Amino acid sequence: MYDLVIIGSGPAGLSAAIYAKRAGLKTLVLEKSTMSGGQVLTTYEVDNYLGLPGINGFDLGMKFREHADNMEIEFVEAEVIGVESFNSPECGARPMKDMKAAAMELAACEKKCIHRINTSQGDYETRAIIIATGASHAKLGIPGEEELAGMGVSYCATCDGAFFRNRTVAVVGGGDVAVEDAIFLARTSKKVYLIHRRDELRAANILQESMKRLDNVEVIWDTVVDEIKGEDQVQSLLLRDLKTEEKKELPVDGVFIAVGIHPNTESFADTVKCDEKGYIIAEEDCITGTPGIFAAGDVRTKKLRQIITAVADGANAVTSIQNYFL
């Protein structure tokens, strides 16, 4: 029986683990990947993390994990399948299958509940859980996307942009990330097309103005990508104008997809309440509507999803857990 099991070992999960260890909680971290760090591992450069300007994202992720390892925190590589919650023996040890309906009853039992986490490596029981599974890049779901992933299809301009020096690339999207990617790629690429399905961008005005000053960036409006074409390497995009339905083929050497992210909450649909986009509903204190279960990092509802806010979530979540145990 653990005091706390943390699911995920990105910045939020690792921060929580360190704070939990310092608080004297018996803690386990579950991570399905072979490496800790989450999305930060695929970031070429992190220039806004306090005290470490310009650090490589991979190096920052490794520093986070090294800190946790130095504190002898227990890690298990396993994929979480689901979570079951039970009343504790003081309440009769009755299984609570319907988490949403059981939340108030569990609270009435003076929070005396335990949770069983089902994983690919067996089951683990704990008094509290922090879900810190982060978010993943959204995909277009079109022909050629999966087949050419890593062969010209990328979701990280800072990771892969260097492979397209003096070549022609496209960015798909219209938000901050898409425009930032276009600006970044324009530094080294010969030509950058920004393909957006609407007639105006959602990105911040300051980013749009910066992009407009670049001669080698061209925006293609009211257009979607129907197919990514190529043999062993991206060669072109099949575009469709949403107003005229006209189709055309655009030769490119690579395509960077920046159409948003989605939270990794599939395993917790029956455990915690999520919003319409799938993010776990939790405020800055990281408390969910299910007693004993907390959410930290990109997986929860929040306005700003950055490394530094994820790290702060880890600390806040453990503080809330300490109060929960009182």
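The values are calculated or read from the model by the stated rules, or taken from the named source; none is laboratory data. Everything quoted here is computed from the prediction, not taken from an experiment. For neighbour counting, all protein chains shown are included, and Cβ atoms are generated from backbone atoms with ideal geometry for every residue, glycine included.
Structure data summary
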| quantity | calculated |
| --- | --- |
| Residue satisfying all of: in the stretch 14-64; surrounded by 13 or more Cβ atoms within 10 Å (Cβ to Cβ) and of a type in the set (Val, Ile, Thr); farthest from Phe294 (Cα to Cα) among these | Ile55 |
| In the stretch 179-201, residue nearest to the chain's Cα centre (by Cα) [restricted to those that are charged (D, E, K, R) and within 20 Å of Leu239 (Cβ to Cβ)] | Asp181 |
| Pairs, first closer than 15 Å to Asn56 by Cβ in the stretch 24-43, second assigned to a loop (DSSP other than H, G, I, E, B) and of a type in the set (A, V, I, L, M), C-beta under 7 Å, six or more apart | Leu41/Met35 |
| Residues that are of a type in the set (A, V, I, L, M) and surrounded by 20 or more Cβ atoms within 10 Å (Cβ to Cβ), drawn from the stretch 288-315 | Ile293, Ala295, Ala296, Val299, Ile307, Ala310, Val311 |
| Inter-residue pairs, beta-carbon under 7 Å, first of a type in the set (A, V, I, L, M, F, W, C) and in the stretch 261-274, second assigned to a loop (DSSP other than H, G, I, E, B), 6+ apart | Ile261/Ala138; Val272/Thr288; Val272/Gly289; Val272/Thr290; Cys274/Thr265; Cys274/Ile281 |
| Which numbered condition Ile280 fails, given (1) under 30 Å from Thr133 (Cβ atoms); (2) assigned by TED's automatic domain parsing to the domain that holds Leu148; (3) in contact with a Ser or Thr (Cβ under 7 Å, 6 or more places away or on another chain) | (2) |
| Flag for Val318 being in the same structural domain as His115 (by TED's automatic domain parsing), buried (at least 24 other Cβ atoms within 10 Å of the Cβ) and in contact with a Gly (Cβ under 8 Å, 6 or more places away or on another chain) | no |
| The stretch 178-217: number of residues that are surrounded by fewer than 15 Cβ atoms within 10 Å (Cβ to Cβ) and of a type in the set (Val, Ile, Thr) | 1 |
| Residue tally, condition more than 17 Å from Tyr19 (Cα to Cα) and touching a helix residue (DSSP H, G or I) at 6+ places or on another chain (Cβ under 7 Å), over the stretch 303-326 | 1 |
| When residues of the stretch 249-287 are limited to those that are within 19 Å of Ile7 (Cβ to Cβ), of a type in the set (Gly, Ala, Ser) and surrounded by fewer than 17 Cβ atoms within 10 Å (Cβ to Cβ), the one modelled with the lowest pLDDT | Ala269 |
| Single unsatisfied condition, Ala170 versus (1) farther than 24 Å from Ala203 by Cα; (2) crowded, with 22+ Cβ neighbours inside 10 Å | (1) |
| Strands (runs of 3 or more DSSP E) wholly inside the stretch 220-326 that include at least 2 residues being within 24 Å of the chain's Cα centre (by Cα) | 254-257, 261-263, 293-295 |
| Within the stretch 146-156, considering residues that are part of a strand (DSSP E or B) and out of contact with any helix residue (DSSP H, G or I) (no Cβ under 6 Å at 6 or more places or on another chain), the one modelled with the lowest pLDDT | Ala149 |
